[in-house]
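Enquirer: This is the structure, below, for whatever I ask next.
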Amino acid sequence: MIIVLKKDADPKQVESLVGWLKERKITPHISAGHHETLIGCVGDVAKMDVGLVQALSVVESVQRIQEPYKAANRKFQPEDTVVDCSGVKVGGGDMPVIAGPCSVESVEQMVSVAKSVKEAGATMLRGGAFKPRTSPYAFQGLGKKGLDILLEAKRETGLPIVTELMSIEHLPLFNDVDVIQIGARNMQNFDLLKEVGSMTKKPILLKRGMCATLQELLMSAEYIMASGNPNVMLCERGIRTYETATRNTIDLTVIPVLKRLSHLPVVIDPSHATGYAHLVEPCAMGATAMGADALIIEVHNNPSKALCDGVQSQTPEMFASMMKKLDAIKPYAWKRG
Ligand code: PEP
Ligand code: MN
């Protein structure tokens, strides 16, 4: 349920309305926009007497919302959410690019990639220390040592780091990580979602499960937000279809669709979505033109020797050349009207 307040609503009366809602175990989310102030109500609103709220002098109107996601809903908060990732803003029109290897392999590899992507214009660094691999025999990531290497690359370059959390027990190791990635395979690991919602306020990059609908993605975001962390970014990384020419099928439609349904920023990952380095640039250009809030790109200093996802990893040269093209497109990017 959403309560729309009158423009000149008396703050004292608003405060007493908020108290009244809390007494009824309703959690109020206040969204003060340029044009109007809303109170989004989460909880069991079914028993609430809408007429009673409607009659208050500070209330303009009351709307029930149909969608099962509330906090992530655009109706709940008309203004775009801007997620602050240690100074890098995602959602405010800057369109930052996150880049780095699939997996952290060594200090030399990480620092070398970090320096070259920074030079080319990336403003955040990615790299997996805990890797979700289909095969138990494949490289599983360096774990804690990988996080230490990422932090070394952060010290060397100043780039905030984005890395995947696979297990709740590892959360204490992520204290100096700037953005926590929840991977496609864990999009519906509800215990993990509740944990990153309640135990931290760090930005969460939530990747869409490979067979997940957008409503399911938004419900997973809702788990994190309803548990107390509003800093969620939605990431499209390709979905599984009947097509075999690409690793996954990139669904760029998510940008306008999610932006209508939700106020959360939308990040596109053309590396996992296509699976081939030569397809990353055209898809990144398309995503930029369609108004993606950020991109996340896999870059390796020596893709043929990469321990994971070398085929889809750009070289630093490919990345630098792509970044110039993206800058040329940015001024023409589609914006929600
Ligand atoms: C990754 O970003 O390296 C990764 C494993 O992504 P996804 O969860 O999208 O497969
Ligand atoms: Mn990867």
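Enquirer: Can you list, by residue number, the Cys in the chain that have no neighbouring cysteine C-beta under 4.7 Å?
Expert: When partners are defined as cysteine Cβ atoms under 4.7 Å apart, the chain leaves Cys41, Cys85, Cys211, Cys235, Cys283 without one.
Enquirer: Over the stretch 2-63, what percent of the accessible surface lies on carbon and sulfur atoms, probe 1.4 Å?
Expert: 53 percent
Enquirer: Then there's this: Mind checking which of Val50, Val107, Val280 has the largest fluctuation in a GNM of the chain, springs on alpha carbons under 10 Å?
Expert: Among Val50, Val107, Val280, the largest mean-square fluctuation in the Gaussian network model of the chain belongs to Val50.
Enquirer: Between the stretch 270-300 and the stretch 189-257, what is the C-alpha centre distance in whole Å?
Expert: 17 Å
Enquirer: Of the listed peptides 5-13, 307-315, 225-233, 127-135, what is their order by residue-averaged count of other C-beta atoms within 10 Å, with the highest listed first?
Expert: Working: 5-13: 12.6, 307-315: 20.1, 225-233: 21.7, 127-135: 18.2.
The densest-packed peptide leads the list: 225-233, 307-315, 127-135, 5-13.
Enquirer: Just round it to a whole percent: the fraction of Cα-Cα distances in the stretch 182-254 exceeding 17 Å.
Expert: Beyond 17 Å sits 40 percent of the P(r) for the stretch 182-254.
Enquirer: Which value, to two decimals, describes the C-alpha radius of gyration of the stretch 114-264 once divided by 2.2 N^0.38 Å?
Expert: Normalised Rg, Cα atoms only: 1.06.
Enquirer: Contact order normalised by length for the chain, with contacts defined as Cα pairs under 8 Å and 6 or more residues apart; what percent is it?
Expert: Relative CO of the chain lands at 16 percent.
Enquirer: Can I ask one more? If only Cα atoms are counted, what is the Rg of the stretch 2-63, and what is its Dmax, in Å?
Expert: Rg and Dmax of the stretch 2-63, Cα atoms, are 10.6, 31 Å.
Enquirer: Compute a Gaussian network model of the chain, connecting alpha carbons closer than 10 Å, and tell me which residue from Arg237, Arg185, Arg208 fluctuates the most.
Expert: Arg185
Enquirer: In a GNM of the chain with a 10 Å cut-off on Cα contacts, which of Asp80, Asp327, Asp44 has the highest mean-square fluctuation?
Expert: Comparing Asp80, Asp327, Asp44 in a Gaussian network model of the chain, the most mobile one is Asp44.
Enquirer: Right, another one. Taking amide H positions as placed in the peptide plane 1.01 Å from N, state which residues far from Glu60 in sequence (5 or more) or on other chains have amide H under 5 Å from it.
Expert: Amide H neighbours of Glu60, under 5 Å, 5+ apart: Val4, Leu5, Lys6.
Enquirer: Among the lysines, which fall within straight-line cross-link reach of Lys207, defined as a Cα-Cα distance under 17 Å, with same-chain neighbours fewer than 8 residues apart omitted?
Expert: In chain and number order, the partners are Lys131, Lys194, Lys259.
Enquirer: Rounded to the nearest 5, what % of the DSSP beta bridges within the chain are antiparallel ones?
Expert: Among the beta bridges of the chain, antiparallel pairing accounts for roughly 40 percent.
Enquirer: In µm²/s, what is D for the stretch 223-329 at 37 °C and 0.692 mPa s, where D = kT/(6 pi eta Rh) by Stokes-Einstein and Rh is the Kirkwood radius from Cα pairs? Walk me through the intermediate numbers first.
Expert: Numbers: Rh = 14.6 Å.
Value of D from the Cα-based Kirkwood radius: 225 µm²/s.
Enquirer: Output ³J(HN,Hα) for the stretch 181-197: one whole-Hz value per residue in order, computed from phi by the Karplus curve 6.51 cos²θ - 1.76 cosθ + 1.60 with θ = phi - 60°, and x for Gly and Pro.
Expert: Here the 3J(HN,Hα) series is 8, 9, x, 3, 5, 10, 4, 10, 8, 5, 5, 5, 4, 5, 5, 6, x Hz.
Enquirer: Would you report the distance distribution of C-alpha pairs in the chain as whole percents per 20 angstrom bin, up to the bin with the largest distance?
Expert: Pair shares across the bins are 31, 53, 15, 0.
Enquirer: For a label point 7 Å from the Cα of Ile65 along Cα→C-beta, name the residues of the stretch 22-54 whose backbone N is under 17 Å from it.
Expert: 26-46
Enquirer: Taking 8 Å as the Cα distance limit and 6 or more residues as the minimum spacing, I'd like the relative contact order of the stretch 141-181 as a percentage.
Expert: Once divided by the residue count of the stretch 141-181, the mean separation gives 40 percent.
Enquirer: Short version: ³J(HN,Hα) in whole Hz for each residue of the stretch 165-179, in order, from phi by Karplus 6.51 cos²θ - 1.76 cosθ + 1.60 (θ = phi - 60°), x for Gly and Pro, what are they?
Expert: With the stated coefficients, the stretch 165-179 comes to 9, 9, 9, 4, 4, 7, 3, x, 6, 9, 3, 9, 7, 8, 10 Hz.
Enquirer: Ignoring any ligand, DNA or RNA, what whole percent of the accessible area of the stretch 83-332 comes from carbon and sulfur when the probe is 1.4 angstrom? Don't jump to the answer; show the numbers that get you there.
Expert: Numbers: 5380 of 9770 Å².
Carbon with sulfur: 55 percent of the solvent-accessible area.
Enquirer: Counting only heavy atoms of the protein chains, get the accessible area per residue of the chain (1.4 Å probe) and round it to a whole Å² value. Could the numbers behind the result be given before it?
Expert: Numbers: 15010 Å² over 337 residues.
Normalised by residue count, the accessible surface of the chain is 45 Å².
Enquirer: Still on this structure, please answer the following. Could you list log10 I(q)/I(0) for the stretch 128-203 at q = 0.12, 0.19, 0.24, 0.25 Å⁻¹, which the Debye formula gives when each Cα is one point scatterer?
Expert: -0.33, -0.81, -1.19, -1.25
The values are calculated or read from the model by the stated rules, or taken from the named source; none is laboratory data. Remember, predicted model here, so these are calculated numbers, not experimental data. Because the Cβ atoms are built from the backbone with ideal geometry, glycine has one as well, and the counts that use them run over all protein chains shown. With ligands, DNA and RNA removed, areas are computed over all heavy atoms of the protein, side chains included. Shrake-Rupley method; radii C 1.70, N 1.55, O 1.52, S 1.80 Å.
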